[in-house]
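Engineer: One structure follows; several queries about it will come next.
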Amino acid sequence: MITEEENYKTSNNPLAVESWDSYIGQEKVKERLQVKIKAAMERYEQMDAALILGQSGTGKSSIARLIADEHAVPFIDLMITPNFSISALNNILVQFDEDGGGIVFLDEIHNFSKKDQHYLYSILEDNCITYGAKHSGKRHYFVNAVTIIAATTDENLLTKALRGRFGAPYRLGAYSDKEMGQIVERMAIKMGFTPTIEECIALGQAAAGSPRQAGDLIKTARDLGSMAIEPILELAEITRDGLTVDHIAILDSIFNLGGITGLENITNHSGRAKDDIVDLEKLLVRKGFIEMTGKGRALTGRGVKALREARLKK
């Protein structure tokens with residue numbers, strides 16, 4: 001059996017999508033994948049390795065699970081952290097192969113160093129892994145089908161050679177407000193609610209284009225036993241614009257540092273990690289709350305208004 005080495009994880013999320021039809025949005029990506037899967041299955045094979053690009057919480061792992069479900073094969077979901085070693089991955093893959101193979105999802109694959117990314121080449125090209133002391137050249141060729149589905153929120157940290165070995169990536173686009181409302185509706189119904197259109201629209205907007213954040217809001221509704229909008233947002237500490245306490249902390253830091261400042265100053269003032277700020281500020285830019293300038297991050301009039309409204313609710 002596969003062991004829980006490093007960050008091996010399974011999912012029992014009650015809000016998880018169960019089919020392509022229940023996965024709302026990303027129509028072009030779904031269409032491409034379904035063609036690939038159907039063609040592979042007609043050849044009695046698993047589909048080729050794939051790279052999924054998209055921001056956190058946009059449904060990358062759900063797509064990987066659906067691919068495995070379509071093939072009716074086992075599935076492993078691995079979160080690659082900066083401390084995750086290639087040796088640990090090799091051990092998991094060897095055991096997975098011996099157990100019969102299936103689909104392996106490597107989330108945040110960019111956290112592998114460039115050196116470790118190099119060792120993934122043989123998996124993708126030659127259907128084998130290099131292992132042993134300091135990757136001494138010993139090889140394990142997969143007896144069973146093992147397909148790597150990788151995902152990243154930062155494709156710029158992948159080597160060009162690694163990106164090329166996946167072929168054309170599957171890029172997840174932004175969700176429309178209508179799609180987010182539909183996602184909220186689907187999740188609410190699964191939790192036993194009968195949501196109104198107003199509730200779906202408001203919570204869909206508060207999800208800020210992230211199905212994961214939509215799930216957090218619906219789980220909050222479950223805990224409250226109600227779909228009332230304001231109590232849900234208050235308990236979840238999310239604004240109607242989808243800003244979390246971390247987003248507000250960034251806006252607050254820029255405001256207190258003179259309305260325009262650099263990343264290092266925001267990091268020191270807010271107490272948030274630099275990498276987290278870079279990820280969080282993407283929503284702030286998209287919403288028009290901050291602007292990137294030659295002098296740093298600049299707070300806009302809309303950003304000041306959003307900050308003022310958030311402070312009033314404290």
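The values are calculated or read from the model by the stated rules, or taken from the named source; none is laboratory data. Source: prediction; values computed, not measured. Using ideal geometry, Cβ is built from the backbone for each residue, glycine included, and neighbour counts are taken over all protein chains shown.
Engineer: Checking Val146 against (1) buried (at least 22 other Cβ atoms within 10 Å of the Cβ); (2) assigned by TED's automatic domain parsing to the domain that holds Leu106; (3) under 16 Å from the mean Cα position of the chain (by Cα); (4) not polar (S, T, N, Q), only one condition comes out false. Which one?
Structural biologist: Looking at each condition in turn, Val146 falls short on (3).
Engineer: Only one of these conditions is not met by Ser56: (1) surrounded by fewer than 20 Cβ atoms within 10 Å (Cβ to Cβ); (2) without any contact (Cβ under 8 Å) to a residue 60 or more places away in the chain. Which number is it?
Structural biologist: (2)
Engineer: Please identify the pairs in which a residue from the range 253-264 that is over 18 Å from Arg311 (Cα atoms) has its Cβ atom under 6 Å from the Cβ atom of a residue that is part of a strand (DSSP E or B), counting only partners at least 6 apart or on another chain.
Structural biologist: Correct list of pairs: Ile260/Gly296; Ile260/Ala298; Thr261/Gly296; Gly262/Gly296.
Engineer: Determine if the range 109-126 includes at least one residue that is more than 22 Å from Thr152 (Cα to Cα), assigned by TED's automatic domain parsing to the domain that holds Ile63 and surrounded by fewer than 18 Cβ atoms within 10 Å (Cβ to Cβ). Don't jump to the end; show me each part of the working.
Structural biologist: Pass one, the range 109-126, residues more than 22 Å from Thr152 (Cα to Cα): 126.
Next cut, assigned by TED's automatic domain parsing to the domain that holds Ile63 only: 126.
Checking which are surrounded by fewer than 18 Cβ atoms within 10 Å (Cβ to Cβ) leaves us with 126.
Checking the range 109-126: at least one residue is more than 22 Å from Thr152 (Cα to Cα), assigned by TED's automatic domain parsing to the domain that holds Ile63 and surrounded by fewer than 18 Cβ atoms within 10 Å (Cβ to Cβ).
Engineer: Also, I was wondering about something else. Please name all residue pairs, on different chains or six or more residues apart, with Cβ atoms under 8 Å, provided the first residue is in the range 218-241 and is at positive phi and the second residue is assigned to a helix (DSSP H, G or I) and of a type in the set (Val, Ile, Thr).
Structural biologist: Glu237/Val245
Engineer: Determine whether Asp252 is of a type in the set (Asp, Glu), closer than 26 Å to Leu299 by Cβ and surrounded by 15 or more Cβ atoms within 10 Å (Cβ to Cβ).
Structural biologist: On the way: of a type in the set (Asp, Glu): yes; closer than 26 Å to Leu299 by Cβ: yes; surrounded by 15 or more Cβ atoms within 10 Å (Cβ to Cβ): yes.
Yes; evaluated as a whole, the condition is true for this residue.
Engineer: Now for a separate question. Residue pairs, Cβ under 6 Å, 6 or more apart or interchain, first in the range 295-309 and surrounded by 18 or more Cβ atoms within 10 Å (Cβ to Cβ), second β-branched (Val, Ile, Thr) and assigned to a helix (DSSP H, G or I). List them.
Structural biologist: Note: pairs meeting the criteria are Arg297/Ile254; Leu299/Ile254.
Engineer: Also, I was wondering about something else. What do you reckon, is Ile92 in a strand (DSSP E or B) and among the hydrophobic types (A, V, I, L, M, F, W, C)? Talk me through it step by step, then tell me what you get.
Structural biologist: Numbers: in a strand (DSSP E or B): no; among the hydrophobic types (A, V, I, L, M, F, W, C): yes.
For Ile92, the condition - in a strand (DSSP E or B) and among the hydrophobic types (A, V, I, L, M, F, W, C) - is not met.
Engineer: While we're looking at this one, here's another question. crowded, with 18+ Cβ neighbours inside 10 Å and either among the β-branched types (Val, Ile, Thr) or assigned by TED's automatic domain parsing to the domain that holds Ser85 (or both), is that true of Ile197? Quick ask: steps written out before the conclusion?
Structural biologist: On the way: crowded, with 18+ Cβ neighbours inside 10 Å: no; either among the β-branched types (Val, Ile, Thr) or assigned by TED's automatic domain parsing to the domain that holds Ser85 (or both): yes.
Criteria not met by Ile197.
Engineer: Conditions first: (1) touching a Leu at 6+ places or on another chain (Cβ under 8 Å); (2) modelled with pLDDT of 95 or more. Ile189 passes all but one, so which condition is the exception?
Structural biologist: With respect to (1) touching a Leu at 6+ places or on another chain (Cβ under 8 Å); (2) modelled with pLDDT of 95 or more, Ile189 is out only on (1).
Engineer: Of the conditions (1) part of a loop (DSSP other than H, G, I, E, B); (2) buried (at least 18 other Cβ atoms within 10 Å of the Cβ); (3) among the hydrophobic types (A, V, I, L, M, F, W, C), Ala174 satisfies every one except a single condition; which number is it?
Structural biologist: Every condition holds for Ala174 apart from (2).
Engineer: Can you tell me which residue within the range 271-314, out of those that are over 26 Å from Leu235 (Cβ atoms) and among the basic types (Lys, Arg), is nearest to the chain's Cα centre (by Cα)?
Structural biologist: Checked the range 271-314; the qualifying residue nearest to the chain's Cα centre (by Cα) is Lys274.
Engineer: How many residues does the range 206-231 hold that are more than 23 Å from Ser61 (Cα to Cα) and touching an Asp or Glu at 6+ places or on another chain (Cβ under 9 Å)?
Structural biologist: The qualifying residues number 4.
Engineer: May I pose another question? Filter the range 262-314 for residues that are more than 17 Å from Asp246 (Cβ to Cβ) and not in a helix (DSSP H, G or I) and give the result. Outline the logic, then answer.
Structural biologist: Applying the first criterion (more than 17 Å from Asp246 (Cβ to Cβ)) to the range 262-314 yields 262, 264, 288, 291-296, 298, 300-302, 304-305, 308, 312.
Correct list: Gly262, Gly288, Glu291, Met292, Thr293, Gly294, Lys295, Gly296, Ala298, Thr300.
Engineer: Kindly provide the set of residues from the range 103-130 that are within 11 Å of Ile148 (Cβ to Cβ) and assigned to a strand (DSSP E or B), ordered by number.
Structural biologist: Answer for the range 103-130, where residues must be within 11 Å of Ile148 (Cβ to Cβ) and assigned to a strand (DSSP E or B): Ile103, Val104, Phe105, Leu106, Ile129.
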